[in-house]
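Bear in mind that the values in this text are calculations on the coordinates, not laboratory data. Note that the structure is predicted; figures quoted are calculated from it, not measured. Positions of Cβ are generated from backbone atoms using ideal geometry, with glycine treated the same way; all protein chains shown enter the neighbour counts.
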Amino acid sequence: MKSSKNNNLKSILNKDIIPARIDGRIISLFLKQLSILISSGIGLDKALKIIENQQIDKKLSLALDKINKDLERGLTIDQAFSNNENYFNPMVVAFIKSGEESGNFAKILDELSFYMNEESKNKSIIKQAMAYPIILLFVMILIVAIVVNFVLPTFQNVFEKNGQQLPIATRALIDISNFIKNYGFLIVLFLLILTLSLLILRKDEQSKLKLDEFAYKFLAFKKLRQTKLEYQVSKLLYILRSGDIEIKKSLFMIEKSFKNEYVKENIRNITNEISQGKTLSKSITDKDIFSSLFKSMVEIGENSGNLLETLKKSSEYFSNDYIYKLKKLADLAEPVMVIIMSILVGFVVFAIAIPIFDSINTIGL
């Protein structure tokens, strides 16, 4: 029992403080190099050793060092990557563990490299789009907090001494200020309890499924998330199927690439239905994670006997649509935040300035 506790303590102390997951751009470069080496006739184990010696990235070198040491100890590729899967995208791990079965392993690695690079670019667009609005939001909160806590109380005393009737906007601002002062701690405490409750609920599989279903169906930008999902599924399925990886195994790998448990469960159900003899188009018919357009494209591809080409065209269409929607959202984010900030700051200034002008007019009279 004591030995078990010591092992648990060691495992906690040995965990990396910094998140281990390697950046998508580095993963893309890793897959590209791996593709080149394997297409040159070099074995996977030797190729991993060569890439480790290149020292492309600190996290990648650390991960490959651990993997290569596991291989030297006699572990299989499957076991070595399983031991270090926290460094990689789960789909990449699933593919490398079983991808050697494909005769087009190098080609698929190259295609996956391109896909990971595109994903990294899309994430960069989102980060860049949100960076300025988030800065504006913090500046806005800071300005309002300073005005409400330090400027407004001073004028409030002056107004009360003069027996001046305050405008509705000023009274509303004072009430908001008093509410935050009186109940601010309780608000923060409530938010902390809510956050902790959600984290605890996500530890339970059924609760996590329900939360992820709610997030997918009802949170903002559902159309954007659905378009991204359809781009990812069509693109990855095209890459894997063009590499002669059978459809059930392809769907298993695709499932690993998603974090949303509701999406994963739907893909898992599609895989099970295909195992029972259904076609892909029939399996996705009742799945509400996909649009009717995506379902129609898959059905047309199967009926024409050219599903692979349809998947390629579909991935191109949904990719363009996703990037268009993403850039449109990015273009809108900044002006929307500027407008919101202008309205709120304008309201605060208006609420303070009007009674000041009234006081000056009263003194003048």
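Beyond a 31 Å Cα-Cα separation, which of these cross-linked pairs lie in this structure: Lys32/Lys210; Lys181/Lys222; Lys97/Lys123; Lys107/Lys203; Lys282/Lys328; Lys49/Lys222?
On the way: Lys32/Lys210 38 Å; Lys181/Lys222 37 Å; Lys97/Lys123 26 Å; Lys107/Lys203 38 Å; Lys282/Lys328 34 Å; Lys49/Lys222 43 Å.
Check vs 31 Å cut-off fails for Lys32/Lys210; Lys181/Lys222; Lys107/Lys203; Lys282/Lys328; Lys49/Lys222.
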(message) Below 14 angstrom from the Cβ of Phe218, what's the summed charge of the other residues (Lys, Arg +1; Asp, Glu -1)?
(response) +2
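Let's test the formula: R0 of 35 Å, r as the Cβ-Cβ distance of Val349 and Leu191. What FRET efficiency results, to the nearest 0.05? The partial results should precede the final answer.
Working: r = 28 Å, r/R0 = 0.81.
Result of the calculation: an efficiency of 0.80.
Please give me the summed charge of the neighbours of Phe88: other residues whose Cβ is under 12 Å from its Cβ, Lys and Arg +1, Asp and Glu -1.
Values: positive: Arg21, Lys59, Lys66, Lys97, Lys256; negative: Asp23, Glu85.
That sum, taken over residues with Cβ under 12 Å, equals +3.
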(message) Give me P(r) over the chain, computed from all C-alpha to C-alpha distances, binned every 20 Å, as integer percentages.
(response) 21, 43, 25, 10, 1
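What does the C-alpha gyration tensor say about the overall shape of the stretch 13-88? Classify as rounded when a/c is under 1.5, otherwise prolate if a/b is larger than b/c, or oblate. Before the final figure, lay out each step's value.
Working: a/c = 2.06, a/b = 1.25, b/c = 1.64.
Oblate is the answer for the stretch 13-88, as a/c is 1.5 or above yet b/c matches or exceeds a/b.
What 222 nm value per residue comes from the helices of the chain, counting each DSSP H run with n ≥ 4 as -39,500 (n - 2.57) and dividing by all residues, nearest 500 deg cm²/dmol? Walk me through the numbers on the way to the answer.
Working: 16 runs with 291 residues, N = 365.
Value at 222 nm, helices only, nearest 500: -27000 deg cm²/dmol.
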(message) I'd like the distance separating the alpha-carbon centroids of the stretch 244-262 and the stretch 178-195, in whole Å.
(response) 42 Å
(message) Nearest 10 degrees is fine. How inclined is helix 2-13 to the longest principal axis of the chain, computing both from alpha carbons?
(response) 70 degrees
(request) Compute the relative contact order of the stretch 13-88 as a whole-number percentage, counting only Cα pairs closer than 8 Å that sit 6 or more residues apart in sequence. (result) 34 percent
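Relative contact order for the chain using alpha-carbon pairs under 8 Å, separation at least 6, rounded to a whole percent? Don't jump to the answer; show the numbers that get you there.
Numbers: 298 pairs, mean separation 77.5, N = 365.
Value for the chain: 21 percent.
Run through the stretch 187-268 and list the chymotrypsin sites (Phe, Trp or Tyr not before Pro) located in a DSSP loop whose Cβ has at most 15 other Cβ atoms within 10 Å. Provide the component values of the computation, followed by the final result.
Numbers: sites: Phe190, Phe214, Tyr216, Phe218, Phe221, Tyr231, Tyr238, Phe252, Phe258, Tyr262; in loops: Phe221, Phe258.
When the chymotrypsin sites (Phe, Trp or Tyr not before Pro) of the stretch 187-268 are filtered for loop state and at most 15 Cβ neighbours within 10 Å, Phe221 remain.
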(request) May I ask for the net charge around Thr227, where only other residues with Cβ less than 10 Å from the Cβ of Thr227 are counted and Lys, Arg are +1 while Asp, Glu are -1? (result) +3
